[in-house]
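The values are calculated or read from the model by the stated rules, or taken from the named source; none is laboratory data. In this text, all values refer to a predicted model and were calculated from it rather than measured experimentally. Positions of Cβ are backbone-derived with ideal geometry, glycine not excepted, and every protein chain shown enters the neighbour counts. Note: areas computed on protein heavy atoms with side chains; ligands, DNA, RNA excluded. Shrake-Rupley method; radii C 1.70, N 1.55, O 1.52, S 1.80 Å.
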Number of protein chains: 2
Amino acid sequence: MEEWNKMAQYGDAFEGKKILITGGLGFIGSTLAARLVNLNAEVVLVDSLIPEYGGNFFNIIGIKDRVKVNIADVRDVYSMNHLIQGQDYLFNLAGQTSHLDSMRDPYTDMEINCRAQLSILEACRKHNPGVKVIFASTRQIYGVPDYLPVDEKHLQHPTDVNGINKMAGEWYHIIYNNVYGIRACALRLTNTIGPRMRVRDTRQTFLGWWIRSLFEGRDIEVFGDGMQLRDFNYVEDAVDAFLEAASSEAANGKIFNLGGTEIITLKELAALMVEIYGSGTFRIVPFPSDRKVIDIGHYYGDFGLIHQTLGWSPSTSLRVGLANILEYYSAHGAHYWGGSDDPVR
Amino acid sequence: MEEWNKMAQYGDAFEGKKILITGGLGFIGSTLAARLVNLNAEVVLVDSLIPEYGGNFFNIIGIKDRVKVNIADVRDVYSMNHLIQGQDYLFNLAGQTSHLDSMRDPYTDMEINCRAQLSILEACRKHNPGVKVIFASTRQIYGVPDYLPVDEKHLQHPTDVNGINKMAGEWYHIIYNNVYGIRACALRLTNTIGPRMRVRDTRQTFLGWWIRSLFEGRDIEVFGDGMQLRDFNYVEDAVDAFLEAASSEAANGKIFNLGGTEIITLKELAALMVEIYGSGTFRIVPFPSDRKVIDIGHYYGDFGLIHQTLGWSPSTSLRVGLANILEYYSAHGAHYWGGSDDPVR
């Protein structure tokens, strides 16, 4: 697997700095943690380990002696009030991320993606107003695009409860920046892929389930006509964006799209995965009705603003990214498949 | 006071229909109720009578024998589950409307403007999916305008917690329309003025406080430089918009701006009020800092979409509206001033 080593880029922005990562045992949080410990930061990971979410101790196996893990739920106000104290940076990644689950249980999605965000920001305001906060938002806020690529001037018209609540959570951050001077910014992530991504079911990404299907010898099921366009970010590129946003005052109060440079149809993506894996099959199947009503159609993002403001652009090709993912799950898949009980397909 | 009688316009859309109005003892809710009972609808008013909000039994003194009042909070899920049953229309007007209060207590604002909206829509989905819902949203969602007049294509970038939560509450309605077929639409109200508006303090509108100041012989205090542009809708015109949205299937899933035709600076408005009242004074005072940080600057709305779709446009001049308001409070002010305890100025 390729090595990422961009220490030079951030100088000593994170050297000896105290850092809190919510969702720290998850896919992106743990990858970010690994980068930060290599930059000599003191990292605390907060995670609730809700089984259906992305937290997984195996994600930090390589860095477990260099981070502190604190099991807590971001909805737990008193714990968050304590944990935020003394931190230099808060990477705020914990969230309910499943679109389908947000429709089945809108209250839980609201408690995590709205209320907990408010209480985290209130904790910052009351206990650590000097902290800098980087919030993981989502392209889901845009809903079905009016035009492509989608830039930050695109209207927000989400298609599901998760998109609405993430929109609220994001804007709480911007308002706490603007009104209270809590330095905060938001990154609207597109499909983020990489080692440690959740592959047990389709709750976080369809791609995770495709990976599991490939390894378990089932057809990859591509919903709809397979012609939906998508962009992807390799997780180390997404982590770069978080670090760049954290280390620049120019990011404060801003919302940035991430986005990929290789726009691809889902059918082409499935074929590419089969090619890289060296075996497997995919087939086009009708959209399940509960997914169809919240589907966003074609999507790819314009990341010009973050490129201009922070110099960020993704550098990992889709082919390299997918190869790394397949290599990772070939070695470590057993830690990720989970049981066969009720995976959400 | 002028009479509003547009029965012909809606035909028999509301004749004998069962109607629930949340926030029904408030300013707009009670005015809507009066119109609906004159259209021979069976009207139930839900209101929590939270002292700082707009509910006031005097608002329905003229129709109290023709409506049913049910005291309940929209956060009370079981009550709402029951009350929604059998209704043909839900005019969903209950909300926390104070921008300042939303900053001081963001959780309460979230519980009312987010969570309660979700539970009302879940109640519709489970107990009365055939109901039609008209949601009272707000121009506050737009924040500081990027251009004027503001149309519905304007980006949503609220400046306070209330604006964020109302944005979420609005979008829940749109998604329940799109995903579950619960017919719902939203009206983004601008400054709505008229008899029965809250005048006790500045919680709902600055204009209410101006009225009280005028009657109590104090200077009207105009914040900033007084050059801020605003538009206004007279309450009966806003009520027309609610009734037109309710009676048209073309409104389903839509978001409409309301807006006024007379754009006026706050200073001119204060002068006009003094002129109509026949006495009084106003003075320009610095913006209180807690208001300045959430102020939206100039605002006026483009109501072209609702005009094209539903034929709505406001018909009451600002002068007539203000004259009606002053006449109303001259006769009934004692029912509205409230105590002098802790008015939010």
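Within segment A:280-289, which residues are touching a residue at least 40 places away in the same chain (Cβ under 8 Å) and either assigned to a loop (DSSP other than H, G, I, E, B) or over 9 Å from A:D219 (Cβ atoms) (or both)? Spell out how you get there, then give the answer.
The initial filter retains those residues of segment A:280-289 that are touching a residue at least 40 places away in the same chain (Cβ under 8 Å), namely A:280-288.
A:G280, A:T281, A:I284, A:P286, A:F287, A:P288 - these are the residues of segment A:280-289 that are touching a residue at least 40 places away in the same chain (Cβ under 8 Å) and either assigned to a loop (DSSP other than H, G, I, E, B) or over 9 Å from A:D219 (Cβ atoms) (or both).
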Inset, instruction - Test each condition in (1) of a type outside the set (G, A, S); (2) open to solvent by 10 Å² or more (accessible area, probe 1.4 Å); (3) closer than 29 Å to B:K126 by Cβ for B:Q204 and report the one that comes out false. - result: (3)
Legend entry - Candidate set from segment A:72-87 (those that are open to solvent by 30 Å² or more (accessible area, probe 1.4 Å) and in contact with a helix residue (DSSP H, G or I) (Cβ under 6 Å, 6 or more places away or on another chain)); member that is nearest to A:A33 (Cα to Cα): A:Q85
Inset, instruction - Looking at (1) surrounded by fewer than 18 Cβ atoms within 10 Å (Cβ to Cβ); (2) more than 21 Å from B:G11 (Cβ to Cβ); (3) not aromatic (F, W, Y), find the lone condition where B:N233 falls short. - result: (1)
Inset, instruction - Go through (1) within 11 Å of chain A (Cβ to nearest Cβ); (2) in contact with a strand residue (DSSP E or B) (Cβ under 9 Å, 6 or more places away or on another chain) and name the single condition B:V74 misses. - result: (1)
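Which fully enclosed helices (runs of 4 or more DSSP H) of segment B:153-246 have 3 or more residues being in contact (Cβ under 8 Å) with a residue 60 or more places away in the chain, within 21 Å of the chain's Cα centre (by Cα) and within 14 Å of chain A (Cβ to nearest Cβ)?
It comes to B:161-180.
I need a count of the residues in segment A:132-151 that are among the hydroxyl-bearing types (S, T, Y), in a strand (DSSP E or B) and either within 14 Å of chain B (Cβ to nearest Cβ) or open to solvent by less than 10 Å² (accessible area, probe 1.4 Å) (or both).
Step one: filter segment A:132-151 for residues among the hydroxyl-bearing types (S, T, Y), giving A:137-138, A:142, A:147.
After this cut, where a residue has to be in a strand (DSSP E or B) as well, the list is A:137-138.
So of that shortlist, the ones also either within 14 Å of chain B (Cβ to nearest Cβ) or open to solvent by less than 10 Å² (accessible area, probe 1.4 Å) (or both) come out as A:137.
Going through segment A:132-151 one residue at a time, the tally reaches 1.
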Inset, instruction - Give the residues of segment A:27-44 that are touching a strand residue (DSSP E or B) at 6+ places or on another chain (Cβ under 8 Å), open to solvent by less than 10 Å² (accessible area, probe 1.4 Å) and under 23 Å from A:G333 (Cβ atoms), sorted by residue number. - result: A:G29, A:S30, A:L32, A:A33
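Out of all the residues in segment A:16-26, which are among the small types (G, A, S) and open to solvent by less than 40 Å² (accessible area, probe 1.4 Å)?
Going through segment A:16-26, the residues among the small types (G, A, S) turn out to be A:16, A:23-24, A:26.
If the condition is that a residue be among the small types (G, A, S) and open to solvent by less than 40 Å² (accessible area, probe 1.4 Å), then A:G23, A:G24, A:G26 are the ones that fit.
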Legend entry - Which numbered condition A:A245 fails, given (1) open to solvent by less than 10 Å² (accessible area, probe 1.4 Å); (2) closer than 15 Å to A:V320 by Cβ: (2)
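Could you list all residues from segment A:287-335 that are aromatic (F, W, Y) and modelled with pLDDT of 95 or more?
Of segment A:287-335, the ones aromatic (F, W, Y) are A:287, A:299-300, A:303, A:312, A:328-329.
If the condition is that a residue be aromatic (F, W, Y) and modelled with pLDDT of 95 or more, then A:Y299, A:Y300, A:F303, A:W312, A:Y328, A:Y329 are the ones that fit.
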Legend entry - Residues of segment A:248-272 that turn out to be surrounded by fewer than 20 Cβ atoms within 10 Å (Cβ to Cβ) and over 30 Å from A:S213 (Cα atoms), as a count: 6
Legend entry - Those residues of segment B:296-330 which are exposed (fewer than 15 other Cβ atoms within 10 Å of the Cβ) and either in a strand (DSSP E or B) or within 14 Å of chain A (Cβ to nearest Cβ) (or both), in sequence order: B:G297
Inset, instruction - Given the conditions (1) within 13 Å of another protein chain (Cβ to nearest Cβ); (2) over 30 Å from A:L229 (Cβ atoms); (3) open to solvent by less than 20 Å² (accessible area, probe 1.4 Å), report the number of the one that A:I60 does not fulfil. - result: (1)
Inset, instruction - Sort out which residues of segment B:128-177 are within 18 Å of B:S98 (Cα to Cα) and basic (K, R), and write them in order of number. - result: B:R139, B:K166
